[in-house]
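Student: I am attaching a structure below and will ask some questions about it afterwards.
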Amino acid sequence: MVYKALIALALLASWEAKAADGLWFASKAEVGYNEYFVLGGLNIGQEGITKASTGTGIKLKLSDTFKLEPICGLSMERSDLWKPYPYFKLKLEARL
């Protein structure tokens, strides 16, 4: 049952397309359990895959007003000869 849900989430990955300086596509898939999640993404341009990234994080509900989401992972770009570099993001949401 869980595997079917994971497959459905993978198929419902978000796609983004833009037409600036050529056509390119970006996809991002996020799968989680409780507050923990993993994510992955690809950017595809006219010359093939141009960027790939993967990461993991946790979604913390600090209160009814604030949510915190730290994410860390690795990203690689074709322009950097596929050298992986780490990243850390800290997302804070506030409802007013």
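The values are calculated or read from the model by the stated rules, or taken from the named source; none is laboratory data. Bear in mind that the values here come from a model prediction, so they are computed numbers and not experimental data. Every residue, glycine among them, receives a Cβ derived from its backbone with ideal geometry; neighbour counts consider all protein chains shown.
Student: When you look at LYS4, is it among the charged types (D, E, K, R), at pLDDT below 90 and touching a Gly at 6+ places or on another chain (Cβ under 9 Å), yes or no?
Tutor: no
Student: So, one more: Please tell me if SER14 is loosely packed, with under 11 Cβ neighbours inside 10 Å, modelled with pLDDT under 90 and among the hydroxyl-bearing types (Ser, Thr, Tyr).
Tutor: For SER14, the condition - loosely packed, with under 11 Cβ neighbours inside 10 Å, modelled with pLDDT under 90 and among the hydroxyl-bearing types (Ser, Thr, Tyr) - is met.
Student: Please go through region 28-76 and give me each residue that is of a type in the set (Asp, Glu), in a strand (DSSP E or B) and under 17 Å from GLU93 (Cα atoms), ordered by number.
Tutor: The one that is of a type in the set (Asp, Glu), in a strand (DSSP E or B) and under 17 Å from GLU93 (Cα atoms): GLU69.
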